[in-house]
Structure formats: structure tokens, C-alpha cells
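Q: The structure that follows is given in the form of C-alpha cells.
Just so it is clear, none of the values below were taken in a lab; they were calculated from the coordinates. Quantities reported herein were computed from a predicted structural model and do not represent experimental measurements. Ideal geometry is used to build each Cβ from the backbone, glycine not excepted, and the neighbour counts take in all protein chains shown.
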Amino acid sequence: MTDAPPDHLSNDPRSKFHDPDMLERGVGIRFNGVERTNVEEYCVSEGWIRVAMGRALDRRGQPMTMKIKGNVEAYFRT
């Protein structure tokens, strides 16, 4: 394994950016200098995160998400 988390990672198993080994290792996200724990997906190079919008669900039963742009830093928690 590498010492740096991937550039793009998703919690959704249907996504091509889903990597269970990296998620099991524990990836932390710092967005605009603030630690975020509700991130569903992120991209460091493009500078965005995708977070759930409350308890709302889409028509497939998945949480509704919103993309927020800013400074993204990813790191391993362990």
C-alpha cells in the first residue's frame, strides 16, 4: 500500500472509484481546513467533496448528495 490516499475515492460500491482496501485502512478528509466525517466521495485534484443532504433519499433509496468545491486534503487516519 502507498503512504498517500488515492486522488478520487467513493463510499458507494457501485462507483468505479470505490476501493474497499483503502476505505478499510481509514481515510480522513480535511475540507477548507475543517475535519469532515460525512463525506461520501471526494476528488483532491478537482477540489470537491460530495456530502449527504440530511436524510433525503433519491428514487433508488440512496442518500441525496451535494457537491461542494474547495480545498480538499486526504490522509490516512492510522
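Q: When both residues are 6+ apart or on different chains and their Cβ atoms are under 6 Å apart, which pairs have a first residue that lies in the stretch 20-45 and is touching a residue at least 24 places away in the same chain (Cβ under 8 Å) and surrounded by 15 or more Cβ atoms within 10 Å (Cβ to Cβ), and a second that is of a type outside the set (Gly, Ala, Ser) and not in a strand (DSSP E or B)?
A: VAL27/PRO5; GLY28/ARG77; GLU40/ASN11; VAL44/ASP7
Q: If you don't mind, another one. If I ask for residues that are among the hydroxyl-bearing types (Ser, Thr, Tyr) and more than 12 Å from the chain's Cα centre (by Cα), which ones from the stretch 19-78 would you list? Steps first, please.
A: Going residue by residue through the stretch 19-78, those that are among the hydroxyl-bearing types (Ser, Thr, Tyr) are 37, 42, 45, 65, 75, 78.
Result: SER45, THR78.
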